[in-house]
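Shown next, in structure tokens, is the structure this report addresses.
Derivation of every value follows stated rules applied to the coordinates shown; laboratory data play no part. Everything numeric here is computed off the predicted structure, so don't read it as measured data. Because the Cβ atoms are built from the backbone with ideal geometry, glycine has one as well, and the counts that use them run over all protein chains shown.
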Amino acid sequence: MSEPTFDVRHLPRPEAYAELTASLDAILEGIDDEVAVMATIACVLHHGFGHLWTGFYRAVTPTLLRVGPYQGTLGCLEIAAGRGVCGTAAAERRTVIVADVHAFPGHIACDARSRSEIVVPVLDAAGAVRAVLDVDSDRLAAFDAEDARGLEALVARFLGPGVRGAGAGR
Ligand code: SME
């Protein structure tokens, strides 16, 4: 079997996310297991875009995030709600884009090469935060509103409550 390639760096961002979403639709067909889904999303995004760190922190209590499936160098194990970019996104239940992590008060540097970051909350049916998707780049200002839209649609489609396979349509 030939090795699948997911490199989408040559594509405009919306097409890149559409391409990876189509790949994930095929790969995750019939899979209803959160860890398997998170691990596969992290892998496909990480290698698709060549990110520095790509993965999930899970809300194990209302005030604590613990690392989940990821790709990249060693991530910190736990982040308190409200701390760092991940804890801010979780506490405020919104996507946070940081163009320059050195200018973000309280940024938690797991990898010194990190320069910019986007964190997208994963919500349950009641709107509570189940997890966050954290993506880090070694380039300044690597993420914009197109990434926010692409990643939010992706987590809604594959990890959102009851929308698996229904198509987030955004
Ligand atoms: N930078 C994140 C912490 C997680 S790691 O970078 C993998 C933050 O400030 O929340």
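Taking K and R as +1 and D and E as -1, what net charge do the other residues with C-beta under 14 Å from the C-beta of A59 add up to? Before the final figure, lay out each step's value.
Numbers: positive: R58, R66, R83, R93, R130; negative: E34, E78, E92, D124, D134.
Result for the local shell: 0.
How high is the relative contact order of the chain, in percent, with contacts defined as C-alpha pairs under 8 Å that are six or more residues apart?
Relative contact order comes out at 19 percent.
Which of the peptides 29-35, 133-139 is most tightly packed, and how do the rest follow, judged by the mean count of other Cβ atoms within 10 Å per residue?
133-139, 29-35
Among L28, H47, F143, which residue has its Cα positioned farthest towards the positive end of the charge dipole of the chain, with +1 placed on the Cβ of Lys and Arg, -1 on the Cβ of Asp and Glu, and the dipole taken about the Cα centre?
It is F143, whose Cα lies furthest towards the positive end.
Once the piece of chain linking E146 and T5 is laid out straight, how much longer is it, given 0.36 nm per residue of separation minus the C-alpha distance between them?
48.5 nm
Along the Cα-to-C-beta direction of C76, a point sits 7 Å from the Cα; which residues of the stretch 103-133 have their amide N less than 17 Å from that point?
103-120, 132-133
Determine the calculated [θ] at 222 nm for the chain from helices alone, applying -39500 (n - 2.57) to every DSSP H run no shorter than 4 residues and normalising by the residue count; nearest 500 deg cm²/dmol.
-10500 deg cm²/dmol
Rank these for me by crowding, H51, H102, H107, going from fewest to most other beta carbons within 10 Å.
Starting with the residue having the fewest Cβ neighbours, the order is H102, H107, H51.
In what order do C76, C86, C110 fall by count of nearby beta-carbon atoms within 10 Å, going from fewest to most? Spell out each step's value before the answer.
On the way: C76 16, C86 28, C110 20.
Listed from fewest to most nearby Cβ atoms, that is C76, C110, C86.
Would you mind getting me the FRET efficiency between I31 and D111? Use the beta-carbon distance for r and R0 = 41 Å, nearest 0.05.
Working: r = 29 Å, r/R0 = 0.71.
Once the sixth-power term is evaluated, E becomes 0.90.
Hey, in the GNM for the chain with a 10 angstrom Cα cutoff, which one of T61, T40, T88 fluctuates hardest?
T61
Does the chain come out rounded, prolate or oblate by the C-alpha gyration tensor, with a ≥ b ≥ c the root eigenvalues, rounded set by a/c under 1.5 and, if not, prolate when a/b is larger than b/c and oblate if not?
oblate
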